[in-house]
Amino acid sequence: MAHAYKQVSQVVKETGLLQRTPWFYGLVAAGVAVALGGAITGFILLGDSWFQLLIAAALGVILTQVAFLAHEAAHRQILSSGPANFRLARILAAGVVGISYAWWDSKHTRHHGNPNQVGKDPDIEVDTISFLETDAAKSRGLVRMITRKQGWLFFPLLTLEGLNLHYLGIRHLTSRGKVKGRWTELALIAVRFAVVLVPVFLLLPLGMAFAFMGVQLAVFGVYMGASFAPNHKGMPIIDPNARLDFFSKQVRTSRNIRGGRWVTWLMGGLNHQVEHHLFPSMPRPHLSKAREIVRDYCKANDVDYTETSLGRSYAIVIGYLNRVGLAARDPFDCPAASQFGRA
């Protein structure tokens, strides 16, 4: 299959699917700006009201949409030059969303090169949730208790993912060693948090202010996790010493989500994960057309091409995480003892 990518890539280039679509991203940016402006206006008009939590939830959704744009800029999908895209990605990620672009870029680049490969893909490294049985078996204490039921706990735990993303980014920026754009990002994040936190805690009662931030972070975390989790979780895991050609590795470890344009908007184009991994710089509007080319090629050459509904993908992820979590259970547990308690 080493020649597969070359053949598919040639067809994609001939159809012009790698060309930039500034009009599309202009519309998306305008829509996000209008939504953000509406949320800010609503926040000011509502004042001391628990309806502010609806504004907080809306902000969680809006910031996730901005994160999608930062992801696309980082993949050079929006602007004409690489440096311009990277600057835009840094501004959107650090200055608007509040997470570190440098941290995310390092992690995401390694993921794209080796999706689902043990020891090479940081997205399957343990972080409370274990994606490998060996990691689940090593868990201890509270983490082990969580791991045993991690499939069922996955979405509840995502309510903390927004906070975790902010923490991981700041930890990366304040770590030792070389970090590109360290001071720029720290400054952007500091200004961003000041712009968000000062009005919230100045204009709302203390309890309501904490509730506002909690809802915003929870919605952001769940939305981000629910958008990225279906992409690879539950797909084949590659042995650390395996050598696969680029096409096979990207296609066999990725999962597409059906649903048309509304799912593409909802997931920021991540529903076309197979095509995104094959052509990372392809703009979002072209992914559905590339899907037809890649899917037909895979069908003609007997290559597994995975595509399912959004709901089914979540069921697969939950089932997979629960199976992995079995490794954290006591191998000497008796089913009856687990159900009724030990004598």
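What follows is calculated from the coordinates using simple rules that are stated; it is not laboratory data. Note that the structure is predicted; figures quoted are calculated from it, not measured. Note: ideal-geometry Cβ built from the backbone for every residue, glycine included; neighbour counts use all protein chains shown.
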Which residues, taken from region 261-280, are surrounded by fewer than 17 Cβ atoms within 10 Å (Cβ to Cβ) and more than 17 Å from the chain's Cα centre (by Cα)?
261, 262
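Could you pull out the residue among 197, 204, 217, 244 that is over 19 Å from the mean Cα position of the chain (by Cα) and touching a residue at least 60 places away in the same chain (Cβ under 8 Å)?
Working: 197 fails: touching a residue at least 60 places away in the same chain (Cβ under 8 Å); 217 fails: over 19 Å from the mean Cα position of the chain (by Cα); 244 fails: touching a residue at least 60 places away in the same chain (Cβ under 8 Å).
After applying the criteria, what remains is 204.
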What number of residues in region 41-58 are exposed (fewer than 13 other Cβ atoms within 10 Å of the Cβ) and of a type in the set (A, V, I, L, M)?
2
Restricting attention to region 1-9, does a residue exist that is among the polar types (S, T, N, Q) and within 22 Å of residue 279 (Cβ to Cβ)?
yes
Could you check region 113-136 and list, in sequence order, the residues that are more than 15 Å from the chain's Cα centre (by Cα), part of a loop (DSSP other than H, G, I, E, B) and more than 16 Å from residue 252 (Cα to Cα)?
119, 120, 126, 128, 130, 131, 132
